[in-house]
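The values are calculated or read from the model by the stated rules, or taken from the named source; none is laboratory data. The shown structure was predicted, so the numbers you read here are calculated from the model rather than taken from an experiment. Ideal geometry is used to build each Cβ from the backbone, glycine not excepted, and the neighbour counts take in all protein chains shown.
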Amino acid sequence: MKRTKLFAGAALLALMASGAAAETFKMQTFLGATAATTKAFEDMAAQLKADTGGEVDIQVFPSGAVVGPTETLEAVRNGLLDGHYTGPTFFAGVDPAFAVLGDTLSAYPNTDVRDKWFVEGGGLELGRALYAKYDMHMICTVHWPQEQIPSTVPIRSVDDFQGIKIRAPGGLPSDLLTRAGASLVNLTPGDAISALETGVLDASDLANVGLNMAFGMYQNAPYSIFARHSMPVTEMSVSMAKWNGLSDDAKAKFEAACQTLSATLETTLGEQEIAAIEKAKSELNVEFIEFGEADAEKFRNMLLEVWDDWGGRNGDAQAIVDSHKAYMSSLGIL
């Protein structure tokens with residue numbers, strides 16, 4: 001305890017000596033208070049406050065605590081929040097470029113390859129340029145696991161989506177599934193559970209296996225489809241004014257903390273996913289179906305049609321599409 005107090009006191013003196021002002025960041029997440037992502041973000045906030053001697057003091061709010069999940073962008077602009085940890089797809093209605101940035105669908109074989117686009121292919125720079133237009137600074141992307149589709153019927157190929165009644169949240173994934181022949185039904189995740197039981201739905205697009213299990217999606221859906229239909233992006237962004245008010249040292253530590261959070265969640269969520277899959281198999285007898293390369297290529301070709309549509313909606317969306325195509329070509333997957 002004495003060492004902690006001495007460290008805190010020394011850090012405060014260092015902060016005062018540097019002339020840097022303490023900044024409080026009110027930041028909202030995209031999941032609830034008990035979610036692993038929220039807990040990890042709280043741990044990050046505490047460590048970052050210590051590492052910066054109090055210069056960066058993040059107050060973490062769970063989803064919906066201040067505003068709705070689609071409203072955090074505007075909440076930062078009007079001062080209700082100072083930042084968020086969320087996904088760009090929540091703002092697809094504000095700017096189509098957020099939809100294109102926020103979900104790469106079937107472009108890449110897995111999220112590890114996709115995430116290299118942000119580091120090696122110019123994705124982070126494009127994301128930052130987009131958020132800057134809304135007076136925000138995008139700090140880094142944060143790991144999110146690949147998604148699967150709970151289904152009451154086996155879907156073993158892209159062609160099997162023909163006529164399937166599926167709950168989907170809208171945006172690019174819905175566009176892709178429609179092109180595959182699926183019939184979209186607009187329901188909340190909660191309503192989708194009973195709809196799977198009554199036959200109103202054949203399948204439901206929601207999230208990764210861990211969250212699907214938590215929602216109870218597999219209670220009436222004995223199949224889980226890994227179609228690579230959706231690879232959402234999550235990120236952390238803050239008010240540009242608040243970011244510019246930080247010292248260079250605090251900025252560097254904020255970026256490092258964000259990257260550490262991403263690495264931590266890759267391990268934590270990965271372990272939870274393995275456990276969820278085993279539980280779904282052993283307790284619910286769920287069959288896991290993974291599309292092969294031929295169907296991955298079919299979906300990839302459909303994605304190009306989706307990108308032609310969404311990329312043409314404005315210059316920022318097109319720039320992101322063009323960057324993905326160039327990176328995919330460099331990898332030999334396009």
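General remarks:
- Residues considered: PHE91, PHE30, PHE41. Of these, the only one that is farther than 30 Å from GLU271 by Cβ, under 17 Å from the mean Cα position of the chain (by Cα) and at pLDDT 90 or above is PHE91.
- Taken over the stretch 254-276, the residue count meeting the criterion of being over 16 Å from ARG128 (Cα atoms) and in contact with a strand residue (DSSP E or B) (Cβ under 7 Å, 6 or more places away or on another chain) is 3.
- Positions within the stretch 147-168 being surrounded by 20 or more Cβ atoms within 10 Å (Cβ to Cβ) and of a type outside the set (Val, Ile, Thr), in sequence order: GLU147, GLN148, PRO150, SER151, ASP160, PHE161, ARG167, ALA168
- Helices (runs of 4 or more DSSP H) (entirely within the stretch 67-173) containing at least 2 residues that are out of contact with any Lys or Arg (no Cβ under 8 Å at 6 or more places or on another chain) and not hydrophobic (A, V, I, L, M, F, W, C): 72-77, 111-120, 123-132
Residue-by-condition table, conditions (1) buried (at least 23 other Cβ atoms within 10 Å of the Cβ); (2) under 28 Å from VAL76 (Cβ atoms); (3) of a type in the set (Ser, Thr, Tyr); (4) touching a Cys at 6+ places or on another chain (Cβ under 8 Å):
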site: GLY181; (1), (2), (3), (4): no, no, no, no
site: PRO189; (1), (2), (3), (4): no, yes, no, no
site: ALA195; (1), (2), (3), (4): no, no, no, no
site: ALA203; (1), (2), (3), (4): yes, no, no, no
site: LEU206; (1), (2), (3), (4): no, yes, no, no
site: MET213; (1), (2), (3), (4): yes, no, no, no
site: PRO222; (1), (2), (3), (4): no, no, no, no
site: PHE226; (1), (2), (3), (4): no, no, no, no
site: HIS229; (1), (2), (3), (4): yes, no, no, no
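- For TRP144, the criteria (1) at pLDDT 95 or above; (2) closer than 18 Å to HIS324 by Cβ hold in every case but one, which is (1).
- PHE41 touching a Phe, Trp or Tyr at 6+ places or on another chain (Cβ under 7 Å), within 27 Å of ASP322 (Cβ to Cβ) and crowded, with 21+ Cβ neighbours inside 10 Å: no
- Close pairs from the stretch 256-274: first over 14 Å from THR234 (Cβ atoms), partner among the polar types (S, T, N, Q) and surrounded by 15 or more Cβ atoms within 10 Å (Cβ to Cβ), Cβ under 8 Å, at least 6 apart: GLU273/ASN208
- If you go through the stretch 224-248 and keep only what is of a type outside the set (A, V, I, L, M, F, W, C), under 24 Å from the mean Cα position of the chain (by Cα) and either outside any helix (DSSP H, G or I) or within 30 Å of MET302 (Cβ to Cβ) (or both), you end up with SER224, ARG228, HIS229, SER230, PRO232, THR234, GLU235, SER237, SER239.
- Any hit, the stretch 163-177, residues being of a type in the set (Gly, Ala, Ser) and in the same structural domain as THR86 (by TED's automatic domain parsing): no
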